Amino acid sequence: MIAERLARVQERIEAAARSAGRDPASVLLLAVSKTKPPEAIREAFAAGQRDFGENYVQELTEKAESLADLVGVRWHMVGHLQRNKVAAAIRVANVVHTVDSARLAEAIGNRAASPLDVLVEVNVAGEAQKSGCAPAEVGSILAAIARFPNLRARGLMTVPPFSDDPESSRPHFRALRVLRDAHGLADLSMGMTVDVEVAVEEGATIVRIGTAIFGARGSGVLSHE
Ligand SMILES: *Cc1c(COP(=O)(O)O)cnc(C)c1O
């Protein structure tokens, strides 16, 4: 079941990459497993998936612990990160996608005991109540990251305004790419189940897919949504 869903998502990525003249291998599929049980991650891992994204530090650390036997698994923190949870998060995470302030960069840098990949989360649409920095703040956050030899600034991440219409994400993805190029970074973490094709067309190097792989998330205390 999950293996088939994964294969279908890979096909979507490949088709979008080809039609955009891109190498499909230049797009990393990150399976966002929030609210899903460790067994679902095991199933995806058995099908060849290695990169998994989680939104909540406690859920991340619990799953990483119960899945410690999965050699080669890589954990990505894709949810908002509070400074008081940095130590717990980076004990487990290989990549943090959600650095959105210089203070958070410093908190991570001060605690990183080994090299850690980070991305700066940008609120490209300037939505109120949403995490992510303003586009104008990216430079100062990158400067804060650069002070720590263990932090490697890989790129930029965004979550565009929610919409059922994938085309509504395009201008936001495009804006993120322009910003990424202006700062000379490598990665663009953008695109979810509804708009993965548009993201790949606009240059995504990491797409974060939950629903299309693991099914819909229930509404309940575990959904956090
Ligand atoms: C939940 C989530 C995703 C995956 O969303 P789907 O629509 O289920 O594919 C991607 N990125 C972030 C930051 C998320 O919170």
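Couple of notes before you dig in:
- Taking first residues from the stretch 21-46 that are within 14 Å of LEU60 (Cα to Cα) and partners that are assigned to a strand (DSSP E or B) and aromatic (Phe, Trp, Tyr), the Cβ contacts under 9 Å between residues at least 6 apart in sequence or on separate chains come to ALA31/PHE52; VAL32/PHE52; SER33/PHE52; ILE41/PHE52.
- Of all residues in the stretch 46-59, those that are within 14 Å of the ligand (Cβ to nearest atom), not polar (S, T, N, Q) and not in a helix (DSSP H, G or I) total 5.
- Enumeration of residues in the stretch 74-84 that are within 16 Å of the ligand (Cβ to nearest atom) and not hydrophobic (A, V, I, L, M, F, W, C): ARG74, HIS76, GLY79, HIS80, GLN82
- Hits in the stretch 9-45 (condition: more than 23 Å from ALA64 (Cα to Cα) and within 13 Å of the ligand (Cβ to nearest atom)): VAL9, ARG12, ILE13
- Filter result (among the acidic types (Asp, Glu) and surrounded by 16 or more Cβ atoms within 10 Å (Cβ to Cβ)) within the stretch 58-91: GLU59
- Cβ-Cβ contacts under 8 Å between residues 6 or more apart (or on different chains), taken from a first residue in the stretch 86-99 that is under 9 Å from VAL57 (Cβ atoms) to a second residue that is hydroxyl-bearing (Ser, Thr, Tyr), are listed as ALA88/THR61; ALA89/THR61; VAL92/THR61.
- Selection of helices (runs of 4 or more DSSP H) fully inside the stretch 71-163 by the criterion of at least 2 residues being within 15 Å of the chain's Cα centre (by Cα), among the aliphatic types (A, V, I, L, M) and more than 17 Å from ASN55 (Cα to Cα) returns nothing.
- Checking each residue in the stretch 60-70 for being assigned to a helix (DSSP H, G or I) and away from the ligand (no atom under 16 Å from the Cβ) picks out THR61, GLU62, ALA64, GLU65, SER66.
- All conditions but one from (1) within 13 Å of the ligand (Cβ to nearest atom); (2) within 15 Å of LEU30 (Cβ to Cβ) apply to THR205; the one that does not is (1).
- Checking ALA212 against (1) away from the ligand (no atom under 16 Å from the Cβ); (2) in contact with a helix residue (DSSP H, G or I) (Cβ under 7 Å, 6 or more places away or on another chain); (3) touching a residue at least 40 places away in the same chain (Cβ under 8 Å); (4) more than 14 Å from VAL27 (Cβ to Cβ), the condition it does not meet: (1)
- Hey, ALA199 within 12 Å of the ligand (Cβ to nearest atom), assigned to a helix (DSSP H, G or I), modelled with pLDDT of 95 or more and under 19 Å from the mean Cα position of the chain (by Cα) or not: yes
- Some residue of the stretch 140-156 being away from the ligand (no atom under 14 Å from the Cβ) and at pLDDT below 95: no
- Unique match (being more than 27 Å from PRO160 (Cβ to Cβ) and either within 19 Å of the chain's Cα centre (by Cα) or without any contact (Cβ under 8 Å) to a residue 40 or more places away in the chain (or both)) among GLU59, GLU65: GLU65
- Test: residue in the stretch 179-186 that is away from the ligand (no atom under 12 Å from the Cβ), of a type in the set (Asp, Glu), within 25 Å of LEU6 (Cα to Cα) and surrounded by fewer than 24 Cβ atoms within 10 Å (Cβ to Cβ): no
- Test result for SER163, buried (at least 21 other Cβ atoms within 10 Å of the Cβ), within 13 Å of the ligand (Cβ to nearest atom), among the small types (Gly, Ala, Ser) and at pLDDT 95 or above: no
The values are calculated or read from the model by the stated rules, or taken from the named source; none is laboratory data. Predicted, not measured: the structure shown is a model, and the values here were computed from it. Methodologically, a virtual Cβ is constructed for each residue, glycine included, from the backbone with ideal geometry; neighbour enumeration extends over all protein chains shown.
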